[in-house]
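Trainee: Pasting a structure below so you can have a look.
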Amino acid sequence: MSETGGEGWGQSGNPTFVFGYEDRQGPEEGGMKNEGEMRKGEEEGQEKEEDNEDYDSPPERQIVVGVCSMMKKSKSKPMTQIMERLCKFEYITVVIFPEEVILNEPVDKWPLCDCLISFHSKGTNERFPLDKAVEYANLRNPLLINDLNMQYYIQDRREVYRILQEEGIDLPRYAVLTRDPDRPEECNLVEGEDHVEVNGEVFPKPFVEKPVCAEDHNVYIYYPTSAGGGSQRLFRKIGSRSSVYSPESCVRKTGSYIYEEFMPTDGTDVKVYTVGPDYAHAEARKSPALDGKVERDSEGKEIRYPVMLTAMEKLVARKVCLAFKQTVCGFDLLRANGHSFVCDVNGFSFVKNSMKYYDDCAKVLGNMVMRELAPQFHIPWSIPMEAEDIPIVPTTSGTMMELRCVIAIIRHGDRTPKQKMKMEVRHPLFFELFEKYGGYKSGKLKLKKPKQLQEVLDIARLLLAELGQHTDCEIEEKKGKLEQLKTVLEMYGHFSGINRKVQLTYLPNGQPKASSEEEEGPKEGPSLLLVLKWGGELTPAGRVQAEELGRAFRCMYPGGQGDYAGFPGCGLLRLHSTYRHDLKIYASDEGRVQMTAAAFAKGLLALEGELTPILVQMVKSANMNGMLDSDSESLTDCQQRVKARLHEIMQKDQDFTEADYEKLAPTGSPSLVNSMKIIGNPVRTCDQVYTLIQSLTSQIRKRLEDPKSADLQLYHSETLELMLQRWSKLERDFRNKSGRYDISKIPDIYDCVKYDTQHNATLGLEDTLELFRLSRALADIVIPQEYGINKPEKMDIAQAYCLPLMKKIQLDLQRTHEDEAVNKLHPLYSRGVMSPGRHVRTRLYFTSESHVHSLLSIFRYGGLLDEVKDQQWKQAMDYLSAVSELNYMTQIVIMLYEDNNKDPGSEERFHVELHFSPGVKSCEDEENIPLGFGFRPASAENQEKQTNQGSLEDLSQDEPDRALPLSELISIRRSPMIRNRKTSSMEVLSETSPTSPGYSSKGASYRLFPSCSRQSPEIKQTGLEPLDEHHVAQLLKGLFTDPVLLCCPSLASLDRAMAHHLHQCPYHLRLLMNCLVSGQDLPECLYGFEGCSMVPSIYPLETLHNSLSLKQVDEFLNAVCEDSSDAHAKTMKALSVLFDTSSQGYGQAHTYPPPKALSSSETPVRPPTRPLCLSSGPPSTVSSAGPSSPTSMNSSTPAIHFSFSE
């Protein structure tokens, strides 16, 4: 504390703080002294100091506080700072026991003391002799600050957990594995693929494995195969690393360990430091398990932030302090799912760098020593009456609105085409497998685990071997299908568990003939329908898209353009770990969606390393009755009828008539009408598409026959053979033997051609662009209309998909302004931090196409606003009608602001904005993209107002967040994804600062990521400056080890973009090296690299409305959720009357799975027409969660309940 007053403190500023000295040495020689010599020395020193007016001579009797620990601890900065302050107590003297005395001298030769601070630790070469310290305490009987006998227990994690359990302190579920020959009953370990069983207790992955010895910091966290497997290995900090990811998934086979349930800790650890039972200081830091990188400040110290403890956590601190009899004690808290758990007790531990803590600690210890010993030595002293912890209530003021909540619903990133193969199987081995995994219980079985998929692969290999040896054997399974099953399961050389699955369905009477895949009629007897699904994985491009969108998303928050610890744009992270940023990330249970969420989190929070640890700790798998997953049964009938009507309209062999336009596009959507005009006659267009697919498969077969193409690797490890299988299957399935087209295959065709156009363009296959154009036009009709043709259908289907999600969004908005019982920044540490009591709630929901379509339909057709009365909403609806596709990374963003100048009860107090982006840009021309009206947060209207001190918008008051003067910041605030001038169709966002060459003061080309390719480390290290020829040469030098190749004249034509691209693309690097070795000219396809591993940029956010009140939105959501059941029933009744006759014969024959593909989206590339002001509010932290959602739903009631922590 700055004031050193208080009745227990001395009035002198000079501490009595000495080292002991031996009889034959003077004090300056660092020996030790006994009690009498100490007093004599003080009397002699008194004569020398009499002339010093500021010095008061010590009294006759001093209370001696001895510090007995290893010298590294005794001389540490925290110990020195605290002991110096302790010496300012008028009656206290501190004596440090020298390390050589502790190690080498008998305890009766140790210095005398009245109070002992002693604790176990490991020195540079020696361990602290705890036994001798206990012996000394028994001999001299001093007042012990930390009990010595309990320190034996603290060295054993088993004892720590036992004591915690006995005290009723919450800790993670755990089991102890003791490998001791004398106690074999405690060493029962059964390791499964995704779990471990310890003495009968099962721990599914992720779980934690801790050595029982507390001095061993090699703690491992094991991840499930569904998240990528492997383990994170934690260790004592070495430089800037505290953990490393390992692909090893098997637990350790030697040593004794504690196995415990992994707790989703919001990406942060809380370390609590007690000084007696009534004082606790808490700090948060980034969890070492997240990415293993230690965040350090400009002085090289690990970045930690003081946080407020809840009342329950303070009680836990008190219990820990008393249970272990350690006055000064550190322990670790895990905050997970609204609860706090103790996972480690460290014993004696000081806060590393906090003057406030040093003041508090010295005062509490000094008062404690004086309270216990002053009466004994007849020292006049009374307990100070001032409060130990003065409550400070922070207030805010300002004219600008504070950002309080950000809710974003985001579609996953670029993926491989989803594929499916069906085959009927009858071999006994398949039935045995079906029975083994309990398939007969429900008649259905899903196999996703690597072990299960391996068994299916073994059966396929065995049957193919038998077929090869005996052509007349009784194996009914088709050889071609078995070969495809084997090929798909052998892809990648391993099973990751998230990109392939096998489904088996029991058919008591065999499978009826249902598609072109079947040949003869059905056979008698039971069979199994085997459905193999693969593909649909997030591509490397998809990971980059998500990560870079995460980086751009920082700019949604105040300080998002700042520069913190050398990271541009990381102002959002300045309060990382303070819990002022209440962040939760949810994802559906699909692998591509979860990996997108993890990559986004990596970019948003400036994390490093593998996605698996981030996925396990940061992403909640929210499969809560369809909140983000598409498994709701209630939509089946309605959507099936809609698809049947769609199928009927698209089967007419004639040009679309006016009646068809009325039937198919009753809403008059321009994008839909344009697609119908392109198609003309749907059957003739399907004929063209079918012919083009035949041409494509023919070209691929010719390539396969060419020896030069034998080992050609396509994008993401695909082979020409797999590519041919993909297209051949579509060719077979799209047109059946009667000549009719299966409209449900159109999304798959578009999916495949979009993928190949972007990623495999270097093959140079003819007519792919024409196939892309036609299939896109067909898909632009089929995909959106599958979610309803007219408005009532769209609402009915949307509500069936999105009701749980809508309820959750409503809850998020309500909780933000109603629930202030959140963890906040400690007010005593909030100097320079604006509105320290405020928090920003961020909820990110990652999902698939179906939920994005449905949610947008609810906002468009649910009656939020009247287009006739609200011009802004009419413009927004016109813009949305012109968007033809909701592509990868489509975003719907809701932002809640609070205006502190308005009355708390006023409707104007809380303000909601709605923003939208149609996702990544198309790989085709962008001439006809729809124009929106830019990113227009309403706070821009207030940019001319003078901000008061402490306003959340006044960035100049918050120095660490500042990258530019406030006046400059206001002039450049735009969408997080600022639109670019069109430089190419494959721009990638760049972190270009307003003062860099990439920035135009006219506002036309302020971009957030460098164009042409994803950032490489070279760009980041050079501050994003354009590279000159020298730097390009340096970049190329890193690619080629042969100096001869570097001298090739062809390399002179390579520019910066290509040099960076070669760092990202092994295929083009290999192609380039082959050309250089053979002396050929560089092929033209090398400069068409955009389609390979380039990442298309993402359209900027467009504001749909910026002046909604929270009351409006809440009433709208309430009405939508309440009316959902009634509306669904009425629509179903109306549909059954209207379309019973027209849909007969189609309802069951043509099943349409949820659409599988999306493509580019369309939005303006023009710049905003005026300067835009950034949203306001305090940013701050990391958050995370485990693989299973902590929220819950009560399936027995229509209401949806979420836990309070969400």
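Trainee: With Cβ to Cβ distances under 13 Å as the rule, what net charge do the other residues near I258 carry (K, R +1; D, E -1)?
Mentor: Numbers: positive: R157, R158, R162, R173, R179, K210, R252; negative: D156, E159, E186, E201, E209, D216, E260, E261, D344.
Around I258, the surrounding residues sum to -2.
Trainee: Separation of the range 664-732 and the range 905-919 by C-alpha centroid, Å?
Mentor: Answer, in whole Å: 42.
Trainee: Also: Can you tell me which of 721-734, 229-242, 845-858 comes out highest on packing, and rank the rest after it, using the mean Cβ neighbours within 10 Å?
Mentor: Descending packing order for the listed peptides: 845-858, 721-734, 229-242.
Trainee: Heavy atoms only, probe 1.4 angstrom, no DNA, RNA or ligands counted: give me I614, I678 ranked by accessible area, highest first. Mind showing how you got there, number by number?
Mentor: Working: I614 0, I678 90 Å².
Order by accessible area, largest first: I678, I614.
Trainee: In cubic angstrom, how much convex hull volume per residue do the alpha carbon atoms of the range 638-682 span?
Mentor: Value for the range 638-682: 69 Å³ per residue.
Trainee: Something else now. What is the percent carbon and sulfur in the accessible area of the range 134-194, measuring with a 1.4 Å probe over the protein chains and ignoring ligands?
Mentor: Here it works out to 43 percent.
Trainee: With no solvent and one equal point scatterer per Cα, compute the Debye intensity ratio I(q)/I(0) for the range 209-260 at 0.21, 0.23, 0.29, 0.30 Å⁻¹ and report its log10, rounded to two decimals.
Mentor: The calculated log intensity ratios at q = 0.21, 0.23, 0.29, 0.30 Å⁻¹ are -0.79, -0.91, -1.17, -1.20.
Trainee: Let me ask another. I'd like to compare 767-780, 1109-1122: which one has the highest average count of other Cβ atoms within 10 Å, and what's the full order after that?
Mentor: 767-780, 1109-1122
Trainee: Roughly how many Å² is the accessible area per residue of the range 241-350, as a whole number, for a 1.4 Å probe?
Mentor: So the range 241-350 comes to 34 Å² accessible per residue, rounded to a whole number.
Trainee: When the dipole is taken about the Cα centre of the range 619-752, and only Lys, Arg (+1) and Asp, Glu (-1) are charged at their Cβ, what size is it in debye, to the nearest 20?
Mentor: That gives a dipole near 260 debye.
Trainee: Could you sort L429, L880 by accessible area so the largest value comes first, with the probe set to 1.4 Å?
Mentor: I get L429, L880, largest accessible area first.
Trainee: Let me have the relative contact order for the range 134-245, percent, based on Cα pairs under 8 Å that are six or more residues apart.
Mentor: Answer for the range 134-245 is 14 percent.
Trainee: Now a separate question. May I ask you to evaluate 6.51 cos²θ - 1.76 cosθ + 1.60, the Karplus curve with θ = phi - 60°, for each residue of the range 654-667 and list the ³J(HN,Hα) values in order in whole Hz, giving x for glycine and proline?
Mentor: So the J values, rounded to whole Hz, are 7, 5, 4, 9, 4, 5, 5, 4, 5, 6, 8, 10, x, 7.
Trainee: Continuing with the same structure: At what distance in nm do the modelled label points of D108 and V202 sit from each other, each positioned 7 Å from its Cα along Cα→Cβ?
Mentor: My value for the distance between the label points is 6.3 nm.
Trainee: Got a sec? Which residues in the range 726-743 would a label at E705 touch, if it sits 7 Å along Cα→Cβ and we count backbone N under 18 Å?
Mentor: Within reach of a label on E705, which here means backbone N under 18 Å from a point 7 Å along Cα→Cβ, the range 726-743 contributes 728.
Trainee: Do the alpha carbons of any pairs in K205/K533; K420/K446; K533/K745; K663/K729 sit beyond 21 Å of each other, and which pairs?
Mentor: From the list (K205/K533; K420/K446; K533/K745; K663/K729), the Cα-Cα distance tops 21 Å for K205/K533; K663/K729.
Trainee: A further question on this structure: With every protein chain present, what is the per residue accessible area of the range 741-798 (1.4 Å probe, Å²)?
Mentor: I get 22 Å² per residue for the range 741-798.
Trainee: Now for a different question. For the full complex of protein chains and a 1.4 angstrom probe, list D899, D653 by accessible area with the highest value first.
Mentor: Listed by decreasing accessible area, they come as D653, D899.
The values are calculated or read from the model by the stated rules, or taken from the named source; none is laboratory data. Quick caveat: nothing in here was measured; it's all calculated off a predicted structure. Note that each Cβ is placed from the backbone with ideal geometry, even for glycine, and that neighbours are counted across all protein chains shown. These accessible areas exclude ligands, DNA and RNA; they are computed on the full protein's heavy atoms, side chains included. Shrake-Rupley method; radii C 1.70, N 1.55, O 1.52, S 1.80 Å.
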